[in-house]
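The values are calculated or read from the model by the stated rules, or taken from the named source; none is laboratory data. Since the model is a prediction, treat every value here as computed from it, not as a measurement. Every residue, glycine among them, receives a Cβ derived from its backbone with ideal geometry; neighbour counts consider all protein chains shown.
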Amino acid sequence: MDYYGSSIGKLIESLQSLPGIGQKSAQRLAFHLIGMPKEQVRGIAESMVDARENVHFCSQCQTLTDGDICPICSSKKRDHTMIMVVENSRDLAAYERTGRYDGVYHVLQGVISPLLGVGPNDIRLKELMQRLQNADGSAAVQEVIIATSPTVEGESTAMYIVKLIRMLDLPVRITRIASGVPVGGDIENIDEVTLERALSGRTELK
Ligand code: ZN
């Protein structure tokens, strides 16, 4: 990479560390950045640093946010008796785009995957159980909708969650999104109509 000089070489190398960016894309992006107005490049760099420094997990639903509690959890308009369990913040965004869900979420930040060495303690399951146990009176959760992806990992994570909730012995309805979601599909890439159907056709897990 010497023929580019060290600044460009370093930039290409840094960009290559991002997911989905190979050497060719990294070169293309690097040269594009160099051709952009300095102010614009500074803006991009600052927003990256700013997001990395200020964004953390919502203390209730574990999604990414820059406050202590995310806008959904702090909203009085949302139905706090209904929790939809999703794998990540991108899936939450996908359901929000349907505009048809007014409950709250719980973001696992992953799925159980023995193959990748991800166990139950590596995702935000403990936080979900705490939420279910701590809620009392009018805030008590009435339904938990499990909306993990219909992949092998997503399904086994769903089953594991059902088992954990049953152990708490709470009067909570547990449902699973319908099969409108294609098997093996990633929630975030599914169109809004299909997601909405999957949600409205959810079935109770006995
Ligand atoms: Zn939240």
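Of the residues making up the stretch 145-192, those that are at pLDDT 85 or above, more than 15 Å from HIS106 (Cα to Cα) and charged (D, E, K, R) are GLU153, GLU155, LYS163, ARG166, ASP169, ARG173.
One residue stands out among those in the stretch 130-147 that are touching a Leu at 6+ places or on another chain (Cβ under 7 Å) and surrounded by 16 or more Cβ atoms within 10 Å (Cβ to Cβ): the one that is farthest from VAL172 (Cα to Cα), which is LEU132. Here GLN62 clears all of (1) surrounded by 14 or more Cβ atoms within 10 Å (Cβ to Cβ); (2) at negative phi except the condition numbered (2).
Taking every residue in the stretch 194-206 that is in contact (Cβ under 8 Å) with a residue 60 or more places away in the chain and pairing it with any residue that is in a helix (DSSP H, G or I), at least 6 positions away or on another chain, the pairs with Cβ-Cβ distances below 7 Å are LEU195/ALA94; LEU195/TYR95; LEU195/THR98; GLU196/THR98.
When we screen ILE12, ILE21 for residues that are in a loop (DSSP other than H, G, I, E, B) and either over 30 Å from ARG197 (Cα atoms) or modelled with pLDDT under 95 (or both), the only hit is ILE21. In the stretch 40-58, the residue that is surrounded by the most Cβ atoms within 10 Å (Cβ to Cβ) out of those that are within 12 Å of the ligand (Cβ to nearest atom) and outside any loop (DSSP other than H, G, I, E, B) is PHE57. For ASP122, the conditions (1) more than 13 Å from the ligand (Cβ to nearest atom); (2) within 16 Å of TYR160 (Cα to Cα); (3) charged (D, E, K, R); (4) touching a residue at least 60 places away in the same chain (Cβ under 8 Å) are fulfilled apart from (4). Within the stretch 2-21, identify whether any single residue is within 16 Å of the ligand (Cβ to nearest atom), within 30 Å of GLU155 (Cα to Cα) and among the small types (Gly, Ala, Ser), and answer yes or no. Checked against the condition, which is being within 16 Å of the ligand (Cβ to nearest atom), within 30 Å of GLU155 (Cα to Cα) and among the small types (Gly, Ala, Ser), the stretch 2-21 yields no hits at all.
Beta carbons closer than 8 Å, at least 6 apart along the sequence or on distinct chains, pair a first residue in the stretch 37-62 that is farther than 29 Å from VAL86 by Cβ with a second that is at pLDDT 90 or above and not small (Gly, Ala, Ser) for VAL41/LEU33. The residues of the stretch 59-111 that are hydrophobic (A, V, I, L, M, F, W, C), away from the ligand (no atom under 12 Å from the Cβ) and part of a helix (DSSP H, G or I), listed by number, are ALA93, ALA94.
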